[in-house]
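*Asks:* Here it is, the structure in full.
The values are calculated or read from the model by the stated rules, or taken from the named source; none is laboratory data. All figures in this text were calculated on a predicted structure; none of them were measured in a lab. We place every Cβ from the backbone using ideal geometry, glycine too, and count neighbours over all the protein chains shown. Heads up: the accessible areas ignore ligands, DNA and RNA and are worked out on the full protein's heavy atoms, side chains in. Shrake-Rupley method; radii C 1.70, N 1.55, O 1.52, S 1.80 Å.
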Amino acid sequence: MKRQTKSKNKDALEKLRGHVETLFYSSPHFSAGRLETDDGERISFAGSLIVQDGDRVLLYGEWTKHPQYGRQFQVDRFEYDMPLDPDGLASYLANHPNISGIGPVRARKIADKFGCEFEAVLSERPEEIAACAGLPIEKVKELRKEWLRTKAFNGALTWLSSFGLTFKQVSTLVDKFGNDVVAVLKENPYLLMREIRGYGFKKIDKIARKMGSPKDNPHRIRAGLHHCINEQVDAGHCWIDYEELINKANDLLVMDCLNSRELIEKELDSLIDREELVCPSHGGRFIVARPDLYRMENDLHDWLKEGNGDNPHFAGEKGLEDLVHKTAPTLNKCQRDAVLTALSSQITLISGGAGSGKTFTIGVITELYRSQKKKVILAAPTGKAAKRMEQVVGGEAYTIHRLLAYDGKNFNLEELIDADVVIIDEVSMVDVPLAWHLFKSIDLDNTAVVLVGDHNQLPPVGPGNILRDLIDTRLIPCVVLDEVVRQAGILKENSTAILRGEVRKTAPESTNGRRPWYLVNQFTDLLDVQRFVIDLFETTLHERLGFDLLREVQMITPTKKGPLGVDFMNIILQQVLQKKLFSVDVPAPKPGRRPKFLLYDKVIQTRNNYELGVMNGAMGIVEEVYPGSGLRIRFEDRTVEIEPGSPDLSDISLAYALTIHKVQGSEFPCVVVIIHKAHTFMHNRNLFYTAVTRSRQSAVIIGDRWGLRNCAQKKLVDRRRTFLSLVKKNPNSGEVLLK
């Protein structure tokens, strides 16, 4: 057994300073080479360190005699001995959380004046730094104390800071890689994509180019391939053709060599060999996917196919039709078929458009199960959709994440869901990973599943297209409710008409003085749309229609950017409503900065935060703004406090205007929808339909005639590439095959 020994005290070791002249051997845990010292001496060294040719280092260790290589310096520990880069030093001084009183201006003065002499001046003549920056000498002494405390890492910290990384990001990297961080990142700067949240390929590629990393670096090619795959996933796809992936990577990497495609193909095959990507064949061509999504869709296919059997609670029972008729005699034929299918089948999908009676059908199924003393679990992808199920169906409803005990990082897959039936609403929003975790937690031998959704709505934000794939493949029993019930009303009828390419005119006035449908289609100029929206909020929505501007009205638009996008419209509406409701004049934010939060602002949570207990999509009102921009926010079911400087603040955004994707699963008494030719690249009838069906009472549609007509007539042609969509039905046997 090897005896472990602790590293010796640095002061008891000899020290050599110089640069690495030649490397004989290098691995992640050991390097050997020749060092040229500052005195001009050439010595051999070996030890647990990662260095590259030309690196300046401080080596701590002792002289030994190797039986094969002779006298050499055995390295116990090392430090990088890099000159202080002025940009890195300025960034370090300005952003270090333990160094107070030195902002960007003072930091730049110090860096420009002292540069690589900074450390010597700080140690020997701190009063010069105090005079240069206009700081008390006590502050400079605090700086010296902090500098010396982290001296071993200062070179790495300043080097990494010069590439725009924050102190927290740099500290995370140093904590993980230690003194090896510089060599690790010089060798493979694309590790930053994995280690730092929010750093994608293009941002890291700029840093890598500054570091001198060549365009044909294998790490760069592999990172580029992963980036292309992840772009497809972000667009909702689960796979991409092999050749198309090479083409996209070639366009991204711009390698300036004739054999770039061959180099990319070599690295792609390497990723497949290492099982970082998978490459199954389909229809005579190869397709590439992330292993997790490939496994999840295949698991879902197997589970759904195996679960395509009889309901474990009602199958075989006599008199089901009479029981259904007695419980709900007003069901139409489609609704009755849906209820009977749900009672007789292990897994059932019910889909239908606005006004087709999906919610009423869910209520009947729930009532029938409860009448037989069966346990019913209701769930939906979002908190808004779950709340709506509670209000309409009755009983508690969960978000799927809460049902699966998601803690922000992991789902609880150890315990199965305890229920006789699980009913999931708004399935059009459920992506492949969420569906996989859901079915992983259901015992299909004892629990029936009813999936409910609207196939006319937008597909999920995440990868996959579960609802449409199941309808197309008929992998499980499906019932489509295709009849608009008589009591649906004008709002539902006009919304459904969009699916036929029709945009109906403003509806007659109702008895309460409101109209369920307003069409304002004369604005070709973007500024005219802005002015109309401002006037609408200033003089009409509350004064004439009686809506609460903060709690009952929601403006929605297809995109975040541009004059009619969410970001700009939030700035405008914050100014309008703060002035109108609270007599507060709101200055325009500085270019590139997001607006400050004010008392009574309408806000939204943009990421699941399990520590605060607030989920993505939860909306609230700011109840207090603390010094330093901390917030107290009242959400629907809780009040939370966010401290000044907390990273949780970055997950809060203004919510006067939201994207159509963001409000899926939500409903509001009144929605103000912008559909304009400026957003033609995003337009399709499913987007339009999803927008107007967010309204419970009134929909106000604003835009231009051409843009509105084009949006309603343009069918959604973006077919998502999923593995479930490759399932075909054998016409002879009825067997489902994955080809």
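*Asks:* With the calculation restricted to Cα positions, what are the radius of gyration and Dmax of the range 390-489 in angstrom?
*Replies:* Taking only Cα atoms of the range 390-489, I get Rg and Dmax of 14.7, 46 Å.
*Asks:* Along each of the three principal axes of the Cα atoms of the range 597-739, give the extent in whole Å, ordering the values from largest to smallest.
*Replies:* 69, 42, 27
*Asks:* Oh, and also: For the chain, find the longest principal axis of its Cα atoms and tell me its angle to the long axis of helix 566-582, 0 to 90°, nearest 10.
*Replies:* For 566-582 against the chain, the angle is about 70 degrees.
*Asks:* Now a separate question. Need one number: nm distance between label points at GLU643 and GLU244, each 7 Å from Cα along Cα→Cβ, rounded to one decimal.
*Replies:* Result for the modelled spin labels: 4.8 nm.
*Asks:* Could I ask something else about it? Return the Rg/Rh value of the chain, two decimal places, where both radii are evaluated on C-alpha atoms and Rh is the Kirkwood radius.
*Replies:* Ratio value, two decimals: 1.04.
*Asks:* Right, something else. Over the chain, what relative contact order in percent results from Cα pairs under 8 Å that are six or more residues apart? Mind dumping the intermediate values first?
*Replies:* Details: 1316 pairs, mean separation 66.9, N = 739.
After rounding, I find 9 percent.
*Asks:* Continuing with the same structure: Among the lysines, which fall within straight-line cross-link reach of LYS215, defined as a Cα-Cα distance under 29 Å, with same-chain neighbours fewer than 8 residues apart omitted?
*Replies:* Leaving aside lysines fewer than 8 places away in the same chain, those within reach of LYS215 are LYS168, LYS176, LYS186, LYS202, LYS203, LYS206, LYS248, LYS266.
*Asks:* Rounded to the nearest 0.05, what FRET efficiency do TYR69 and THR359 give with R0 = 56 Å and r taken as the Cβ-Cβ distance? Could you check?
*Replies:* The calculated FRET efficiency here is 0.10.
*Asks:* Summing -39500 (n - 2.57) over the DSSP H runs of n ≥ 4 in the chain and dividing by its residue number, what mean residue ellipticity at 222 nm do you reach, to the nearest 500 deg cm²/dmol?
*Replies:* Computed mean residue ellipticity for the chain: -11000 deg cm²/dmol.
*Asks:* Can you compute 3J(HN,Hα) from phi for each residue in the range 463-473, using the Karplus curve 6.51 cos²θ - 1.76 cosθ + 1.60 with θ = phi - 60°, rounded to whole Hz and x for Gly and Pro?
*Replies:* The phi angles translate into x, x, 7, 3, 4, 5, 4, 5, 5, 5, 8 Hz.
*Asks:* Accessible area of LYS176, 1.4 Å probe, to the nearest 10 Å²?
*Replies:* That residue has around 120 Å² of solvent-accessible surface.
*Asks:* Normalised by the empirical 2.2 N^0.38 Å for globular proteins, what value does the Cα Rg of the range 651-692 take?
*Replies:* Values: Rg = 11.2 Å, N = 42, 2.2 N^0.38 = 9.1 Å.
Its radius of gyration relative to the 2.2 N^0.38 Å reference: 1.23.
*Asks:* Based on a Kirkwood Rh over C-alpha pairs, give the Stokes-Einstein translational diffusion coefficient of the range 330-430 at 25 °C and viscosity 0.890 mPa s in µm²/s.
*Replies:* Taking Rh from Cα pairs, D becomes 171 µm²/s.
*Asks:* Also, quick follow-up: Treat the range 270-382 as a sphere of radius equal to its Kirkwood radius over Cα pairs and apply Stokes-Einstein at 20 °C in a medium of 1.002 mPa s; give the translational diffusion coefficient in µm²/s, rounded to a whole number.
*Replies:* In µm²/s, the coefficient rounds to 124.
*Asks:* Moving to a separate point now. To the nearest 10 degrees, how steep is helix 86-95 against the longest Cα principal axis of the chain, on a 0 to 90 scale?
*Replies:* For helix 86-95, the angle is close to 60 degrees.
*Asks:* Further, regarding this structure: On the full set of protein chains, 1.4 Å probe, figure out the accessible area of GLU41 and give it in Å² to the nearest 10.
*Replies:* 100 Å²
*Asks:* Further, regarding this structure: Taking Cα centroids, how far is the range 647-712 from the range 563-613 in Å?
*Replies:* Here the answer is 18 Å between Cα centres.
*Asks:* Which trypsin sites (Lys or Arg not before Pro) does the range 508-596 hold that lie in a coil by DSSP with at most 13 other beta carbons within 10 Å?
*Replies:* Passing sites in the range 508-596 are ARG544, ARG551, LYS561, ARG593, LYS596.
*Asks:* I need two numbers for the range 649-730: Rg to one decimal and Dmax as a whole number, Cα atoms only, in Å.
*Replies:* Reported Rg and Dmax, both Å: 15.8, 53.
*Asks:* Now for a separate question. Probe 1.4 Å, all protein chains in place: accessible area of TRP303 in Å², nearest 10?
*Replies:* Approximately 60 Å² for this residue.
*Asks:* At 1.4 Å probe size, put LYS590, LYS326 in order of accessible surface, largest to smallest.
*Replies:* On the way: LYS590 145, LYS326 170 Å².
Ranking LYS590, LYS326 by accessible area, largest first, yields LYS326, LYS590.
*Asks:* Summarise the accessible area of the chain (1.4 Å probe, protein heavy atoms) by the percent that is carbon and sulfur.
*Replies:* After summing per-atom areas, the C and S share lands at 48 percent.
*Asks:* On average, how much accessible surface per residue is there in the chain, in Å², for a 1.4 Å probe, leaving out ligands, DNA and RNA? The partial results should precede the final answer.
*Replies:* Numbers: 35380 Å² over 739 residues.
Heavy-atom accessible area per residue stands at 48 Å².
*Asks:* Hey, another quick one. Highest first, please rank the peptides 467-479, 266-278, 665-677, 494-506 by the mean number of other Cβ atoms sitting within 10 Å of their residues. Walk me through the numbers before you get to the answer.
*Replies:* Values: 467-479: 20.2, 266-278: 14.9, 665-677: 22.7, 494-506: 17.3.
Highest mean packing first, the order is 665-677, 467-479, 494-506, 266-278.
*Asks:* Stretch GLU538-SER270 to full length: gain in nm at 0.36 nm per residue minus the Cα-Cα span? Before the final figure, lay out each step's value.
*Replies:* Details: separation 268, 0.36 × 268 = 96.48 nm, distance 6.09 nm.
Gain on stretching GLU538 to SER270: 90.4 nm.
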